[in-house]
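Since every read-out is calculated from the coordinates, none of them should be taken as a lab result. Keep in mind it's a predicted model, so treat the numbers as computed, not measured. Using ideal geometry, Cβ is built from the backbone for each residue, glycine included, and neighbour counts are taken over all protein chains shown.
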Amino acid sequence: MSDLLLPPEHRYAEMIKKRQNEDGSELSILNLGPTHPATHGIFQNILLMDGERVLDGEGTVGYIHRAFEKIAENRPFYQITPLTDRMNYCSAPINNMAWWMTLEKTLDIEVPKRVQYMRVIVMELARIADHIICNSVLGVDTGALTGFLYVFQYREKIYEIYEEICGSRLTTNMGRIGGFERDWSPAVWKKLDEFLNEFPGIWAEFENLLSRNRIFMDRTIGVGPISAEKAISYGFTGPNLRAAGIDYDVRVMTPYSSYEDFEFDIPVGESGDTYDRFCVRNAEVWESLKIIRQAIDKMPEGPFHANVPDYYLPPKEDVYNNMEALIYHFKIVMGEVPVPKTEIYHAVEGGNGELGFYLITDGSRTPFRLHFRRPCFIYYQAFNDMIKGQMLSDAIATLSSLNVIAGELDA
Amino acid sequence: MALETSVIQDRLTQKFGENVTGFIQIKDIFSFEVAASSANEVLRFLKEDPQMRFNFLTDVCGIHYPDNDKERQFAVTYHMHNWVDNVRIRFKSYLNGDNPEIDTATNLFLSANWQERETYDFYGIVFNGHPQLKRILNMDEMDVFPMRKEYPLEDGGRTDKDDRFFGRTIDNR
Amino acid sequence: MSKSTDIKMVGAPAGVEGQGFFATKLDEVVGLARANSLWPLPFATSCCGIEFMATMASHYDVARFGSERMSFSPRQADMLLVMGTIAKKMAPILRQVYEQMSEPRWVIAVGACASSGGVFDTYSVLQGIDKVIPVDVYVPGCPPRPEQILQGIMELQEIVKSESVRRRNSPEYKELLASYNIS
């Protein structure tokens, strides 16, 4: 097996020579990436091609390896949130909230119901934003630019809601240990309301544009399929696993942030091909809208953060005028807060699957070890298996329907 | 009938005796230690036993404990998830500090492949029997294992950022 | 919706105008043409790339600045937009892309990572792309808002407008490239 350690082009050169001698066939090597426009992120795939057909391939990743885990070992807990933003930057708030929930689990902090519901709203908005990108870009890759330009308007609306909540668009760095930095302004609720009124119509139109479109169906049905058994073995989670017919969803299996209070369905596919992945994501957007509506309807009154002065930053005006608040502010910012010595694994349903944080603390101001279970990294290894025997253009559609986010993959 | 942690403990102790130790419930996850020599067997048992049914390998990662005894300076942590009874477990295998070696899990779970490569890349933990144990995230030419605690976060050879102007010490704490 | 009367056309450069003729410097005419037809090569690696997607999509519409066509081939691109973290593993590839571009070529470093490494002050990240290729405009932000990216493109347009047609043959420019070992 040691020839797998060689660069793939060497291995393929042997195979090409062998096949040429056996039956005279002419195979070729194709280098796809790392900056290929159709790969949406930087992955290199060296493919062994028989004409347009992919016979074998090997992926190389790590082109934006930024050493998140090493940085995390050198930063106090509050300074790790910006890192989580930059992991899956298409749905940054999910990562933020997951990180706060990990810390709250570590510190045994009970979060008020209102905060939990607010988090659910934010996380579901992020899921919608994530799926908008994935599905519209899948349209682009199969030749339909219109849908992309159309629904991106509404991703902007989601970003406006984020902006209203935390002041930032993409990498949100939203929230605090125990809650949010401030209560949501009336503008948030207004914008949320507008979004919920307008977006369903737009999304239905987008769905109509593609889901029964002959060209789109021909390009995606039966493309890059994966069986349920294989998907589990490859560690698939999230929409990509559900497209293969397994109804595993962290929101239901191990509910966090009061997901058990909401009624929603888990859409599943059948064959795990590109079309099923598209449909599952589409359906999940509807489910997310349903959850957001329920959360708004049931939104309880109460504080927007837990009463944990040791970990929750005091309001800015108190910091300027009140000695005690200043001391707390200083302690929290410098990371001089008591942290128990423990090991925690907390998982949430990210945009692409089970996003887990494995945190080991040793009582100091930084984590001893923080490992991110990044769904993209784990399921992207199946890519070469999925495209074997497919056409090259199918490989592109498969890659874009897997929604591999380079930042999350390479950490 | 949900799978009780006491059942897991009993079955494992019964089958592997001294090789599984340190059973403890940390928050919501039941954890224990497994001797490196039987880690693969434990994984297989947990996956294939009709009562255990830990069908999903959630996560594999390495840890470096530079202050431990020589025999326990590295650890590989496995998170497994039983989707039928919805039980998560975690176990660790401690490895020798000089030549950390453990059997691969790729024969049981395809997802272990890259996760073990990542662990090798970060810590230099060798997974015996792994089909393609080479670096994944860092450059092939790299000659250190950057996540080990003795290596600094920043590149030592850099000249562009003068620490005097940034008010920092070398280890950036 | 913008009214058709609101649409501003690019003004003519300074020159002497008379009946049936208009005299100006070749530099300015070429600069004007170049500045308003910059074809971008999006070299998007991470978060900033997503903001660039927003920039080129319907809401912000980079096409208004003469950048309608994304040129994914370096050969036909004028402006390299480097968006996102460039890891050391990626640096040789970025350089190769730059070398493949034909003159005149301009580079915008979009975002903190491309400009200086940003928050990722680590062993694996290149601390700013100006370590490997020359940069014309830096856009700060992590990630910059689409408006900022547009501002960066407009700044570059100013540079392009005033650039001498002979600049690329000048000894200073050759020296600059030589300092990056690019021939």
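Summary of values
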| read-out | value |
| --- | --- |
| Filtered chymotrypsin sites (Phe, Trp or Tyr not before Pro), region B:94-154: DSSP coil and at most 12 other beta carbons within 10 Å | none |
| Cα lying deepest toward the dipole's positive end in region A:2-60, options A:A13, A:I42, A:L30, charges on Cβ | A:I42 |
| Sequence-separation-based contact order of chain C, relative, with Cα cut under 8 Å and 6+ spacing, percent | 22 percent |
| Qualifying trypsin sites (Lys or Arg not before Pro) in region B:85-141, DSSP loop, other Cβ atoms within 10 Å at most 14 | B:K134 |
| Set A:K70/A:K105; B:K47/B:K70; C:K131/C:K174; A:K113/B:K27; A:K70/A:K113 screened for pairs whose C-alpha atoms are more than 25 Å apart | B:K47/B:K70; A:K70/A:K113 |
| Overall dimensions of region B:5-151 as given by Cα atoms, namely Rg and Dmax in Å | 15.2, 47 |
| Residue range of chain A that is longest and free of trypsin sites (Lys or Arg not before Pro) which are both DSSP loop and sparsely packed (at most 11 other C-beta within 10 Å) | A:1-211 |
| Residues B:T77, A:T220, A:T102 arranged by fewest to most Cβ contacts within 10 Å | B:T77, A:T102, A:T220 |
| Dipole axis of chain A (+1 Lys, Arg; -1 Asp, Glu on Cβ), positive-most option in A:T254, A:F148, A:F330 | A:F330 |
| Longest site-free stretch - chain A; sites: GluC sites (Glu not before Pro), DSSP loop, at most 16 other Cβ within 10 Å | A:111-262 |
| Whole-Å distance, taken between Cα centres, linking region B:102-118 and region B:39-57 | 14 Å |
| Exercise: per-residue mean of other protein chain Cβ atoms within 10 Å, B:21-34 | 2 |
| Chain A: calculated mean residue ellipticity at 222 nm from DSSP helix runs of at least 4, using -39500 (n - 2.57) | -16000 deg cm²/dmol |
| Relative contact order for chain A, counting Cα pairs under 8 Å that sit 6 or more residues apart, in percent | 24 percent |
| Shielding by partners - mean other protein chain Cβ count within 10 Å, residues of B:134-146 | 5 |
| Gap separating the Cα centres of region C:142-160 and region A:73-146, nearest whole Å | 28 Å |
| Residue-averaged 222 nm ellipticity for chain C, from DSSP H runs of 4+ at -39500 (n - 2.57), nearest 500 | -10000 deg cm²/dmol |
| Trypsin sites (Lys or Arg not before Pro), loop per DSSP, at most 15 other Cβ atoms within 10 Å - longest free stretch of chain C | C:70-165 |
